[in-house]
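Asker: My structure is below; once you've seen it, I'll send some questions.
The values are calculated or read from the model by the stated rules, or taken from the named source; none is laboratory data. Everything numeric in this text was worked out from a predicted model, so none of it was measured. Using ideal geometry, Cβ is built from the backbone for each residue, glycine included, and neighbour counts are taken over all protein chains shown. Please note that ligands, DNA and RNA were not included when accessible areas were found on the heavy atoms of the full protein model with its side chains. Shrake-Rupley method; radii C 1.70, N 1.55, O 1.52, S 1.80 Å.
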Amino acid sequence: MLLPPNQRTKLDESSDTFFYDAPRFVTHVDEGFIQQLTELYRDRLAPNSRIFDMMSSWVSHLPKDVAFEWVEGHGMNAEELAKNPRLDHYFVQNLNENPKLPLADQSFDAVLNTVSVQYLQQPEVVFAEVYRILKPGGIAIISFSNRMFYQKAIAAWRDGSETRRVNLVKSYFGSVPGFGTPEVIARTPSVPTILQMLGMTGGDPFYAVIAERLEPLVQP
């Protein structure tokens, strides 16, 4: 088992559907994080490809000057998703109650998840679904910082250091045969010690874990 039951628990065990019922038109990371994520997408996402933005909201982090064939969105609040200018279509679904995605096999070139992976209680099932819907050679980009809705993050995430959280996401990919070795991008702001003592952090840390769905083995 990837995680024991106690590591999947949340401080607020009420349905996530109720928690996200009211829209939150705010950003959950700072501008520096957003710029780094947009540049990562510019570098790694092919123009005119098919994108699935999982656990999305009203903000798109995709480069504005890059066109994609199709951007499918998913989230927990329809009002937020309706305001996302890059989504061609979206659906609302609580992945902690139903982790199976209503999407066709091998139908996307990339799957994106931004600052939301910490809320998944069945990550191995969701990552298996991500693998299923990716085309061979497609990539999944999981990005996060150190912010969260603390009461809704799973215990394994709440109780871990930032390094342990990176390793946790790597283990999610590792639980699904067929993903390549995850690549990690970790950028933490460099702040002089004296300023750290004064409570200045220098901005949100940026983490991204990226893995590719490997091409199927060719039978002789």
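Asker: Over the chain, how many pairs of lysines fall under 22 Å by alpha carbon, counting only those 8 or more apart in sequence or from different chains?
Answerer: 9
Asker: Let me ask something else about it. Which option, (i) 0.93; (ii) 0.99; (iii) 0.95, is the value of Rg/Rh (Cα atoms, Kirkwood Rh) that was calculated from these coordinates?
Answerer: Read-out from the structure maps to (iii).
Asker: For the chain, with all protein chains present and a 1.4 Å probe, just round the carbon and sulfur fraction of the accessible area to a whole percent.
Answerer: Working: 5890 of 10840 Å².
Roughly 54 percent of what the probe reaches on the chain is carbon or sulfur.
Asker: If you don't mind, there's one more thing I want to ask. So what's the Cα pair-distance distribution over the stretch 1-107, bin width 5 Å, in %?
Answerer: Bin by bin from 0 Å, the calculated values are 2, 10, 18, 20, 19, 15, 11, 4, 1.
Asker: Measuring with a 1.4 Å probe in the full set of protein chains, what accessible area per residue, in whole Å², belongs to the stretch 1-141?
Answerer: Details: 6420 Å² over 141 residues.
Using a 1.4 Å probe on heavy atoms only, each residue of the stretch 1-141 averages 46 Å².
Asker: Oh, and also: Work out the charge dipole of the chain with +1 on the Cβ of Lys and Arg and -1 on the Cβ of Asp and Glu about the Cα centre, then indicate which of A208, P102, T163 is farthest towards its positive end.
Answerer: It is T163, whose Cα lies furthest towards the positive end.
Asker: Here is a follow-up. Is there a quick way to get the dipole size of the chain? I mean about its Cα centre, with the Cβ of Lys and Arg at +1 and of Asp and Glu at -1; what is the value in debye to the nearest 20?
Answerer: 360 debye
Asker: A follow-up question, please. Given a Förster distance of 22 angstrom, what is the FRET efficiency for V92 paired with Q151, based on the Cβ-Cβ distance and rounded to 0.05?
Answerer: It comes out at approximately 0.55.
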